[in-house]
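Here the structure comes first, spelled out in structure tokens, and everything after it is commentary.
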Amino acid sequence: MASGLNEEEIEMQEDYRNKALPSSRSPAEAKGGVTPAVPGRKLLRVVAVSFGLLCVLQAALNIYLRFTLMLGCPLGWHKFQSSCYYFSISKKNWKESRQECLLRGANLVIINNRGEQAFLKGLHDLFWIGLSDLDNEGQWRWVDGTGLTDGAWAPGEPNNANGGEDCAEFDKRYDAFNDAGCSLERYSVCEKLMS
Ligand code: MMA
Ligand code: CA
């Protein structure tokens, strides 16, 4: 015999095949009917797994959007504490600078503490801040209407020099404020609170 199997062994294999085949079929199949039970459960599983994957994807998208849109600052803005800052690329007078900030959904920067001041002096040497006494000479107010309590004026400032100075600039040399003529062209910094 070429295969090396004897007749008994072949018979056993045939026997096994004959038995295995009918037993693997469901009773309905054996009767020749359709079997909706098994393919139906399979479909249910596919739907369930797809739904689960969709949920995971949705959660990932939520987290991504929260970090990029809500916790982050817009492109070109810098985050510090709970604010976003925009450093202007051109010099404008105080009012135009403020207008530019308003158009960007922000306002000229309000410096509330030394940490914020240290962060801000990183870029421009001299820039407009959201502080002026335009409404009332000698009464310095931030653009949100609050008064100046802990103002870091440079020595001898504000001095209302040069025929009147009603707008405040930050001067990196002194790490302090100076009142300057509002028509001067300066860089500026816009600030908006993070939502
Ligand atoms: C400039 C101007 C003023 C400032 C003095 C300080 C000459 O004027 O920047 O606002 O008070 O310098 O010396
Ligand atoms: Ca001055």
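Overview of results
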item: Boolean, residue 115 is over 19 Å from residue 179 (Cα atoms), among the small types (Gly, Ala, Ser), in a helix (DSSP H, G or I) and in the same structural domain as residue 174 (by TED's automatic domain parsing); result: yes
item: Hits in region 69-103 (condition: small (Gly, Ala, Ser) and either surrounded by fewer than 17 Cβ atoms within 10 Å (Cβ to Cβ) or closer than 20 Å to residue 118 by Cα (or both)); result: 72, 76, 82, 83, 88, 90
item: Residue within region 94-109 that is within 16 Å of ligand 1 (Cβ to nearest atom), free of Cβ contacts under 8 Å to residues at least 12 places away in the same chain and more than 30 Å from residue 65 (Cα to Cα) present; result: no
item: Enumeration of residues in region 171-187 that are within 19 Å of residue 114 (Cα to Cα), more than 10 Å from ligand 1 (Cβ to nearest atom) and either assigned to a loop (DSSP other than H, G, I, E, B) or touching a Lys or Arg at 6+ places or on another chain (Cβ under 7 Å) (or both); result: 172, 173, 175
item: Subset of region 163-177 that is in contact (Cβ under 8 Å) with a residue 40 or more places away in the chain and over 16 Å from residue 188 (Cβ atoms) - its residue that is nearest to the chain's Cα centre (by Cα); result: 175
item: Which numbered condition residue 142 misses (of (1) away from ligand 1 (no atom under 15 Å from the Cβ); (2) surrounded by fewer than 19 Cβ atoms within 10 Å (Cβ to Cβ)); result: (2)
item: Of all residues in region 139-195 being in contact with a Gly (Cβ under 7 Å, 6 or more places away or on another chain) and of a type in the set (D, E, K, R), the one that is farthest from ligand 2 (Cβ to nearest atom); result: 192
item: Test set (1) modelled with pLDDT under 95; (2) surrounded by fewer than 18 Cβ atoms within 10 Å (Cβ to Cβ); (3) not in a helix (DSSP H, G or I) - residue 65 fails condition number; result: (3)
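The values are calculated or read from the model by the stated rules, or taken from the named source; none is laboratory data. Since this is a predicted model, take the numbers as computed values, not measurements. Positions of Cβ are generated from backbone atoms using ideal geometry, with glycine treated the same way; all protein chains shown enter the neighbour counts.
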